[in-house]
Amino acid sequence: MVIKSIAAFALGFVTLTAASAQNISPGSPAPALSFNHLLQAPNGTKAELPALKGKVVVLEFWATWCAPCVSQIPTFNKLQAAVDPTHIQFISVDDEDPALVEKFITHKPISGWLGFDTTGKIFDRYNAKSRPVTIVIDTKGRIASNSLINDVRPEDIKPEQLADLAQGKPVVFAKPKGSPAPRPLIIPH
């Protein structure tokens, strides 16, 4: 009986996780964004999807304690430098104390905005239970890529893909053949 209960619990957990991931699968509407605090954005900026409509939005769920997250900062900075910021917005999403992150970026600069989700609501809405997670949202507010589903890493995203997406062209984000094994995802402690 105990084994059946454990199996039922495990099956329920897997089903719930898959259902949550399906809610943020490519083509589905992106969940709401509402940050507690925003760094490196112009004063008065609202980093909410209605205010960003018409732009491609690249979200990177990360943390200062996450080694894979920190190692891909240069990749994101390089990608952001290669695209038109009037059409593509990068937001690094963190749930840590903003003061800690402000100190961190003095030593390891991050281009783009830093959005703080100290309540965890955005992490929950995007099913970002691990780090790093990269999500691309198209100009109409739909999910274009979710690394939890298609394992597309930042180094797999090309500036041309983001530019095409910003022009309303269909883009398929896929892991290139021969790419390394899936990156390790770090579960917060």
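The values are calculated or read from the model by the stated rules, or taken from the named source; none is laboratory data. What you see is a predicted model, and the numbers here were worked out from it, not measured in a lab. Neighbour counts run over all protein chains shown; Cβ positions are idealised from the backbone, glycine included.
Assorted remarks:
- Subset of the stretch 25-63 [β-branched (Val, Ile, Thr) and modelled with pLDDT of 95 or more]: Val56, Val57, Val58
- Scan of the stretch 76-113 for residues that are loosely packed, with under 15 Cβ neighbours inside 10 Å and not in a loop (DSSP other than H, G, I, E, B), ordered by number: Lys78, Ala81, Ala99, Leu100, Glu102, Lys103, Thr106, His107
- The stretch 114-128, residues that are surrounded by fewer than 21 Cβ atoms within 10 Å (Cβ to Cβ) and part of a loop (DSSP other than H, G, I, E, B): Thr118, Thr119, Gly120
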